[in-house]
1. Give the residue that is farthest from residue 164 (Cα to Cα), with candidates limited to residues of region 103-147 that are open to solvent by 80 Å² or more (accessible area, probe 1.4 Å) and among the basic types (Lys, Arg).
2. Where residues in region 247-273 are assigned to a helix (DSSP H, G or I) and over 19 Å from residue 306 (Cα atoms), which of them is least open to solvent (accessible area, probe 1.4 Å)?
3. Is there a residue in region 211-228 that is closer than 25 Å to residue 51 by Cβ, crowded, with 21+ Cβ neighbours inside 10 Å and either modelled with pLDDT under 95 or touching a Gly at 6+ places or on another chain (Cβ under 6 Å) (or both)?
4. When you check residue 45 against the structure, is it at pLDDT 95 or above and open to solvent by less than 10 Å² (accessible area, probe 1.4 Å), yes or no?
5. Has region 250-260 got any residue that is acidic (Asp, Glu) and free of Cβ contacts under 8 Å to residues at least 12 places away in the same chain?
6. Of a type in the set (D, E, K, R), closer than 23 Å to residue 365 by Cα and not in a loop (DSSP other than H, G, I, E, B): does that describe residue 148?
7. Inspect all residues belonging to region 101-121 and state whether any of them is modelled with pLDDT under 95, within 19 Å of the chain's Cα centre (by Cα) and either outside any loop (DSSP other than H, G, I, E, B) or at negative phi (or both).
8. Of the residues that sit in region 287-304 and are within 20 Å of residue 354 (Cβ to Cβ) and small (Gly, Ala, Ser), which one is surrounded by the fewest Cβ atoms within 10 Å (Cβ to Cβ)?
Amino acid sequence: MQTDGKIPEKMKALMCHGPKDYRYETVPVPEIDEDGVLIRVEACGVCAGDVKSYDGAAMFWGDGNVLPRWNDPPCVAGHEFIGIVAAIGDKAAERHVLAVGDRAIAEQIVPCWECRYCRDGHYWMCEQAHIHGHQKEVADGGMAEYIRYGKNDVVHKVDRSIPATHASMLEPLSCSVHTIERANIGFHDVVVVAGMGPIGLCKLQLAKLKNPRLLIAIDSKPKRLALAKELGADIALDFTACDVAEEVMKLTDGYGCDVYIHNSGHPSGVVQGLKMLRKLGRFVEFSVFSAETSVDWSVIGDRKELDVLGAHISGLDGYPVAIDFLQRGVIKVDKIVTHTLPLEKWEEAFAKAKAGEDSIKVVLIP
């Protein structure tokens, strides 16, 4: 076991006890064994999913459940973390090629490595669905002074030259990589990215790397639309100022876009995408919804024969690509991270993230 010799017995953490019941508390620092890594957290981003978890958003499985199915309180919140190795077991050091003082990130999912999906190499779809920041002990989160990576975690070393607040964007960037790979963008495609939050702005930049014929950003907030143009959008449309589906039709000789990537998690974004997609187009969905969504499914089949693709978290290569792109400056996040706040001001951070008026990405510093 290696340690930096500075580990306290207690730490501050934001604990999820249930919807609308998050508490800034003093709790024990996690203990690790020879397969574990103890990380001193440098920064942890506030995700839209964190806000929806706090608000009590349901996942709609048709069983009448009204609580976030992905939460198992009490647990430490937060899955967009980055930090420095404070202690590491000998087996973990050998497995991950890490030492005390290295910066390291664990993927957001903690695979079981035993289910069908893990055995088939699709571990990000693990049947156990343990996600950091949502399950106690197995996958506690990074809104704390320390976080533990366990035996089943997928861990990556991250260069310390990247600013910590920027490195906290690796989780959403890794998800963006997977989504854009799923979209299979071609050179002649007209691509629409709907929702210019932090993850939408990352996807926009990644889509630009695919060199589509036309890249269109959609949102309602002027600050985000302006940044979308700066980061590569050919056209930025405000859905409160015009009929965006009609505008896309005008830009495509009445046919519609080839690829529509939805990030907002709002039901209206789904209907909007189905309207503006051309026949034989591709709809890529990446969202955590807080309300049920009803659509006319005959649009998908009988009328347009669409390819509907889902994208869940980071896929197989999301993190390695995200780390490489961020380190080399291929993707820019400096203007996406707009606010940093100390962990004890989590309520203000969550409020800013939810409103999104003057903020894009809010990051907490323990």
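1. 116
2. Step one: of region 247-273, the residues assigned to a helix (DSSP H, G or I) are 247-251, 267-273.
Among the residues that remain, those that are also over 19 Å from residue 306 (Cα atoms) are: 247, 250-251.
Working: 247: 55, 250: 130, 251: 72 Å².
Step by step, filter region 247-273, then rank; the result is 247.
3. No: region 211-228 contains no residue that is closer than 25 Å to residue 51 by Cβ, crowded, with 21+ Cβ neighbours inside 10 Å and either modelled with pLDDT under 95 or touching a Gly at 6+ places or on another chain (Cβ under 6 Å) (or both).
4. Judged against the criteria, residue 45 is a match.
5. Of region 250-260, the ones acidic (Asp, Glu) are 253, 258.
Narrowing further to those that are free of Cβ contacts under 8 Å to residues at least 12 places away in the same chain: 253.
Yes, region 250-260 contains a residue that is acidic (Asp, Glu) and free of Cβ contacts under 8 Å to residues at least 12 places away in the same chain.
6. Working: of a type in the set (D, E, K, R): yes; closer than 23 Å to residue 365 by Cα: yes; not in a loop (DSSP other than H, G, I, E, B): yes.
When the stated conditions are applied, residue 148 passes them.
7. Within region 101-121, the subset modelled with pLDDT under 95 is none.
Looking through region 101-121, none of the residues is modelled with pLDDT under 95, within 19 Å of the chain's Cα centre (by Cα) and either outside any loop (DSSP other than H, G, I, E, B) or at negative phi (or both).
8. Out of the qualifying residues, it is 291.
The values are calculated or read from the model by the stated rules, or taken from the named source; none is laboratory data. Being a predicted model, the structure only gives us computed values, none of them experimental. We place every Cβ from the backbone using ideal geometry, glycine too, and count neighbours over all the protein chains shown. Only protein heavy atoms, including side chains, enter the accessible area calculation; ligands, DNA and RNA are left aside. Shrake-Rupley method; radii C 1.70, N 1.55, O 1.52, S 1.80 Å.
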